[in-house]
Amino acid sequence: MSYPNSDGPVDTVADTVDDHAPVLVVKNLTTTFATPRGPLTAVDDVSFTLRRGTALGIVGESGSGKSVTARSVMRLLPKSNVTTTGEVSINGIDMMALGPKELRAMWGPEVAMVFQDPLGSLNPVMRIGDQVAEGLRIHHNVSRKEARAAALQLLRQVGIPSPQTRLDEYPHQLSGGMRQRVVIAIALSCGPKLLIADEPTTALDVTVQAQILDLLSDQQTERHMPLVLITHDLGVVAGRTQEVIVMYAGRIMERARTPVLFRDMKMPYTEALFRSIPKVEYPSHTRLAIIPGRPPTMVEPIRGCRFAPRCRYAQDRCLEEEPELTPAVDRDHVYRCFYPVGTPEGEQALEINRSNGRLTPEGELIGVS
Ligand code: ADP
Ligand code: MG
C-alpha cells in the first residue's frame, strides 16, 4: 500500500487522551477518481480518529471531499474508476481488507449511514414498516412479527406520530422531515456502533432541520453511539459535536475540539466559513458574507496552500509552499497556515494586504468573485 503525499500519520486525540480503543481510525486516506480530464484527488491524505461516545463534525464547502471521505470510510464507492489508499479501521476491523460479503455484514450493525436526500434513500414501492424491519430480518434473523414490533418501537423512538398507521404507508405519504426520521430509524435499526450522517438536513426546511439534528444528538447520547456529522454549515456542528475537522479541496485544513475551534480558530478558511454563518442579531436585509472565489478543481496539481487564491491573509509564500498541519498549542488543535488568524503574523499579513490593495479598508478581498 502506498501513501501519496504522506508526511507520516497525524497524531490523534485518542493517543493522548484516553486508553479506550478508538471507534474509527483513518490514516492517510486518499481517494482518486479517474475522470476524462485526468485523475481527480477528491480526498488527499486525510487522517483522523473518532473516540468512543463522541460526535465528530466534518465541515467544508460543497466539493471539499466530505462525502467522498464518508463513502471511502464505508467502502461505498464504485470500483470502476476509483482508487483508495490508506487505512480505515472501525472498531479494530480493517475496512480496506474486506470483500463485498464481509462489507455487507458491516453495514447496519457495525456502521450505518444517513444521506442527504431522504427520498433517494427510501424504496418508493415498499411500506415504511417493511423498510425499517428489513435490516433486522437480514442481520438478526428475527421473525416477521418481531421485526414489525421492533420497527414500531423504532418509529416511536425517532418521534414519528401515529407510528402504527405509518408502518403500512409508503414514503410519498410522508413529509420530508418524517421521511428523514424514517431513514434515521432504518440506520438505527441494527444498533450500529458508528453512525455517519452526511448533510442529513440539507434537503429539509429550516424549521425541520433543527428537529432532525436534535433527534440525531439525542440518539447519539442515549445509545452512547459515536457520530460523524457532515455538513457545509459550521453552525450545525456547534454544540452538537466534541471535535471538528474542517476540509477544503480534499485536505484537512484545521482540526480542534469544537469549543476551541469556535473560540480560537487559526485557519483563515475556517474564519471564512464562520463569517458565512447567518447571525441572528443581523437585520434580515444584511447581505451574507459568502467566501469569494471558487475551490480548485483538484485535477491540476496544486502549488502552495489550496485556499491561498481566496484568502484574505495570503502572502507570496502561500502561493509557493503548502503549510503542513501543525499544532496550535497542543496536539488536539492542528491547522495549515503560515499566517494564522489572531496571531501577530496573521494581523501583519492583513495589514500588508490592506496596504497593497488586495483588501478593502474593511478587510474584504478585492478582485476575487
Ligand atoms: P462534498 O461532499 O464535500 O460536497 P464530495 O466529497 O462529494 O464533496 O466531492 C469531492 C470532489 O470529488 C468533487 O470535486 C466532486 O466533483 C468529486 N467527485 C465526487 N464523486 C465523484 C465521482 N463519482 N467521479 C468523479 N468525481 C467525483
Ligand atoms: Mg457531500
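One table, with the values for the structure above:
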{"item": "Matching residues, region 194-211, being closer than 30 Å to ILE93 by Cα and free of Cβ contacts under 8 Å to residues at least 60 places away in the same chain", "result": "THR201"}
{"item": "Filter result for THR207 (surrounded by fewer than 24 Cβ atoms within 10 Å (Cβ to Cβ), of a type in the set (Val, Ile, Thr) and within 16 Å of ligand 2 (Cβ to nearest atom))", "result": "no"}
{"item": "Some residue of region 118-132 being of a type outside the set (Gly, Ala, Ser), within 30 Å of TYR248 (Cβ to Cβ) and part of a loop (DSSP other than H, G, I, E, B)", "result": "no"}
{"item": "Residue list for region 44-95, filter: among the polar types (S, T, N, Q) and either more than 10 Å from ligand 1 (Cβ to nearest atom) or part of a loop (DSSP other than H, G, I, E, B) (or both)", "result": "SER47, THR49, THR54, SER62, SER64, SER80, ASN81, THR83, THR84, THR85, SER89, ASN91"}
{"item": "GLU102 more than 16 Å from ligand 1 (Cβ to nearest atom), at pLDDT 95 or above and surrounded by fewer than 16 Cβ atoms within 10 Å (Cβ to Cβ)", "result": "yes"}
{"item": "Residues located in region 137-193, provided they are within 19 Å of SER217 (Cβ to Cβ), touching a residue at least 40 places away in the same chain (Cβ under 8 Å) and not in a loop (DSSP other than H, G, I, E, B)", "result": "GLN157, GLN180, VAL182, VAL183, ILE184, ALA185, ILE186, ALA187, LEU188"}
{"item": "Among (1) away from ligand 2 (no atom under 16 Å from the Cβ); (2) surrounded by fewer than 24 Cβ atoms within 10 Å (Cβ to Cβ); (3) under 16 Å from the mean Cα position of the chain (by Cα); (4) closer than 30 Å to GLN153 by Cβ, the one test that ASP198 misses", "result": "(1)"}
{"item": "Criterion violated by GLY177 - all others in (1) within 17 Å of ALA203 (Cβ to Cβ); (2) small (Gly, Ala, Ser); (3) modelled with pLDDT of 95 or more satisfied", "result": "(3)"}
{"item": "Among residues of region 26-40, those that are polar (S, T, N, Q) and closer than 19 Å to ILE230 by Cβ, counted", "result": "2"}
{"item": "Within region 224-283, considering residues that are in a loop (DSSP other than H, G, I, E, B) and acidic (Asp, Glu), the one nearest to THR54 (Cα to Cα)", "result": "ASP233"}
{"item": "Matching residues, region 1-56, being modelled with pLDDT under 50 and of a type in the set (A, V, I, L, M)", "result": "MET1, VAL10, VAL13, ALA14, VAL17"}
{"item": "Criterion: surrounded by fewer than 23 Cβ atoms within 10 Å (Cβ to Cβ) and either on the phi > 0 side of the Ramachandran plot or touching a residue at least 12 places away in the same chain (Cβ under 8 Å) (or both) - qualifying residue of ARG240, ARG263", "result": "ARG240"}
{"item": "Single residue of THR32, THR83, THR41 found to be under 20 Å from GLU324 (Cα atoms) and either within 16 Å of ligand 2 (Cβ to nearest atom) or touching a Pro at 6+ places or on another chain (Cβ under 9 Å) (or both)", "result": "THR41"}
{"item": "Some residue of region 292-303 being within 16 Å of ligand 2 (Cβ to nearest atom), at pLDDT 95 or above and under 23 Å from ARG317 (Cα atoms)", "result": "no"}
{"item": "Enumeration of residues in region 304-347 that are more than 20 Å from ASP44 (Cβ to Cβ), acidic (Asp, Glu) and at pLDDT 95 or above", "result": "ASP316, GLU345, GLU347"}
{"item": "Among the residues listed as ARG287, ARG255, the single one being away from ligand 1 (no atom under 14 Å from the Cβ), at pLDDT 95 or above, farther than 27 Å from ASP117 by Cα and among the charged types (D, E, K, R)", "result": "ARG255"}
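The values are calculated or read from the model by the stated rules, or taken from the named source; none is laboratory data. All values reported here derive from a predicted model rather than from experimental measurement. Note that we place each Cβ from the backbone using ideal geometry, even for glycine, and neighbour counts take in every protein chain shown.
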